[in-house]
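Enquirer: I am attaching a structure below and will ask some questions about it afterwards.
Computed from the coordinates by the stated procedures, all read-outs in this text should not be read as laboratory data. Remember, it's a predicted structure, so these values are computed and weren't measured experimentally. As a convention, Cβ positions derive from the backbone with ideal geometry for all residues, glycine included, and neighbour counts pool all protein chains shown.
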Amino acid sequence: QHRIIIAIDGFSSCGKSTFAKAIAARLGYIFIDTGAMYRAVTLHALEHGAIRSGIVDEEAVVKLLGETAITFRFNPERGASDIYVNGDLAEGKIRTIEVSNCVSRVSAIPEVRRKLVAMQQEMGRRRGVVMDGRDIGTVVFPDAELKIFMTADPAVRARRRYDELRAKGDDVSLEEIERNVRERDRADMSRAVSPLRQAPDAVVLDNSRMSVEEQMAWFMELFERRI
Ligand code: C5P
């Protein structure tokens, strides 16, 4: 069977990565989490003073971008690739609330998007990838053979993200998470460059009341019917 590109876009904390990773494992495809790339650039900017007290210095971020090498290395324990910034493992540091609070402003910078989109297109050149993000089906791979747009009730999404962060030992409040989820949706949908949009040919998946197994069953049915 020929290998295709599966584009998964949607709102924040919908479980896009969990879903994409399960699909990749099932099909023997490569899973690419593009949100991790925007988070890695944001983490690097935070660590190098291009973001101070929540204020993003766009010029400084762009300047840093030239010296920011983002790479992936497969981690068999996670069954997914870990992200590295200039050779340093960044995986555990990119999902904090601090990074989440700044990432949408960093991802709205055109130069940041240009660089990361080019990397993503290169990574998917040979197809056989499941890529999740906000603009995969609209901008990165408008010709993807299968596009899924994920959504879920904002309260359900905040709760899932909250449980995940608490399980890791992060001291966050549900209110803070819910505010972040809603604010990122708003910012991602209203930015000028490649805003979050449902591609006209995307299939919608609302997983508010679905387990991962149910989502996979839904996906395999779609995959077999369409491909
Ligand atoms: O998917 P995740 O929640 O980790 O993404 C973090 C942020 O990165 C999003 O809120 C969005 O601002 C940005 N992003 C993007 N385009 C993508 C993936 C993520 O702008 N393809």
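Enquirer: Please build a GNM for the chain, connecting alpha carbons under 10 Å apart, and tell me which residue among ARG127, ARG157, ARG78 fluctuates the most.
Expert: Most flexible of the set in this elastic network: ARG78.
Enquirer: Further question on the same structure: Taking amide H positions as placed 1.01 Å from N in the peptide plane, with prolines and chain starts having none, which residues 5 or more places from ILE32, or on another chain, fall under 5 Å of its amide H?
Expert: VAL130, MET131, ASP132
Enquirer: Based on DSSP loop calls and a cut-off of at most 16 other Cβ atoms within 10 Å, the longest stretch of the chain free of exposed GluC sites (Glu not before Pro) is what?
Expert: Longest stretch, sites excluded: 146-227.
Enquirer: Quick one: in the stretch 96-227, what % of C-alpha pairs are over 17 Å apart?
Expert: Everything past 17 Å amounts to 66 percent.
Enquirer: Starting from the alpha-carbon convex hull of the stretch 27-108, give the projected area averaged over all orientations, in nm².
Expert: 5.8
Enquirer: Taking Cα atoms of the chain, Rg/Rh with Kirkwood Rh, to two decimals?
Expert: 0.94
Enquirer: Count the lysine pairs in the chain whose Cα atoms lie under 25 Å apart, taking only pairs 8 or more positions apart in sequence or on different chains.
Expert: The result is 13.
Enquirer: How high is the relative contact order of the chain? Use alpha-carbon pairs under 8 Å, at least six apart in sequence, and give a whole percent.
Expert: Relative CO of the chain lands at 32 percent.
Enquirer: I've got another one for you. Return the long-range amide H neighbours of LEU146 (sequence gap of 5 or more, or a different chain), with a cut-off of under 5 Å between placed amide H atoms.
Expert: The list, which skips near neighbours in sequence, is ILE5, ALA7.
Enquirer: Taking the Cα-to-Cβ direction at ASP88 and at GLU164 and moving 7 Å from each Cα, how far apart do the two end points lie in nm?
Expert: So the label points at ASP88 and GLU164 sit 2.4 nm apart.
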